[in-house]
Amino acid sequence: MFTKNNLRKRFIKIRKKKYFEVKKKYFLPIINLIKKNFGNKTFYLSIYFPINNEVNALNLIKSYKIKKMSSLIPTIKNNEMKFYRWEAGDPLIINKFGIPEPVIKKKEYVPDIILLPLLAYDKNRNRLGYGKGYYDRFLKKYERKKKIITVGLAFSFQKYNKLPTSNYDMSLDYIINEKGLIWIF
């Protein structure tokens, strides 16, 4: 049985060797999910800036113009994740983890959908991240206040049989890889 830290190291190496840029059609399941859940309603979609060969979530914004959608980017401050509006071309700063985040932070938003990066996933919708727990803590904070749809973005080679989990880990609603929407729950 691998520990979470061993698995992190393993999947960072695997993803570095096997990474490929996803095509526009990769994001079609997300577009369909948006249409199904929001129709013509205004909603907030959190994307992320890819690091360490993660699926490039920015390509969703570049590939599709989605009406009534506002893009959000996560920021980390005082060991807490918050989300702020962002549009391509808005100024960015690099945080302590080397990840770009918005410079101007006028108003905090709670996303309707969060696209999450991951190192590995399993059939139970568990996600292995980098181990800081920012997404898990954010989702735990809002789990009774608002339904936030969580979508893990992955490659099929990131699937693992059964990931070790703790009480703090939040499972995902959906996982998407290059083969499409894997599980609907």
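For this structure, a couple of remarks:
- Filter on Lys41/Lys123; Lys17/Lys82; Lys82/Lys179; Lys105/Lys141; Lys4/Lys62; Lys17/Lys140 - keep pairs with C-alpha separation over 28 Å: Lys41/Lys123; Lys17/Lys82; Lys82/Lys179; Lys4/Lys62; Lys17/Lys140
- Hits among aspartates and glutamates - C-alpha to C-alpha of Lys36 under 20 Å, sequence gap 8 or more where chains match: Asp112, Asp173
- In loop segments of the range 56-115 as defined by DSSP, the chymotrypsin sites (Phe, Trp or Tyr not before Pro) with at most 11 further C-beta atoms inside 10 Å of their C-beta are Phe97.
- Computed on protein heavy atoms with a 1.4 Å probe, the accessible areas place Val103, Val151 in the order Val103, Val151, largest first.
- Overall Cα dimensions of the range 13-146 - principal axes, largest extent first, Å: 40, 37, 34
- For Lys162, solvent-accessible area (1.4 Å; no DNA, RNA or ligand), Å²: 110
- Counting only protein heavy atoms and a 1.4 Å probe, the chain has 57 square angstrom of accessible area per residue.
- Longest DSSP-loop-exposure-free segment, GluC sites (Glu not before Pro), the chain, at most 15 other Cβ within 10 Å: 22-86
- Descending principal axes extents, the range 81-185, alpha-carbon based, whole Å: 41, 30, 24
- Thr165 - accessible surface, heavy atoms, 1.4 Å probe, Å² rounded to 10: 80
- Shown for the range 98-176: the carbon plus sulfur share of the solvent-accessible area, taken with all protein chains present and a 1.4 angstrom probe, equals 48%.
- Placing +1 on the Cβ of every Lys and Arg and -1 on the Cβ of every Asp and Glu, with no other charges, gives the range 1-45 a dipole of roughly 320 debye about its Cα centre.
- Sites listed here are chymotrypsin sites (Phe, Trp or Tyr not before Pro) in the range 135-174 whose DSSP assignment is loop and whose Cβ has at most 15 other Cβ atoms within 10 Å: Tyr168.
The values are calculated or read from the model by the stated rules, or taken from the named source; none is laboratory data. Computed from a predicted structure; not experimentally measured. In this analysis, Cβ positions are derived from the backbone assuming ideal geometry, glycine residues included, and neighbour counts consider all displayed protein chains. Please note that ligands, DNA and RNA were not included when accessible areas were found on the heavy atoms of the full protein model with its side chains. Shrake-Rupley method; radii C 1.70, N 1.55, O 1.52, S 1.80 Å.
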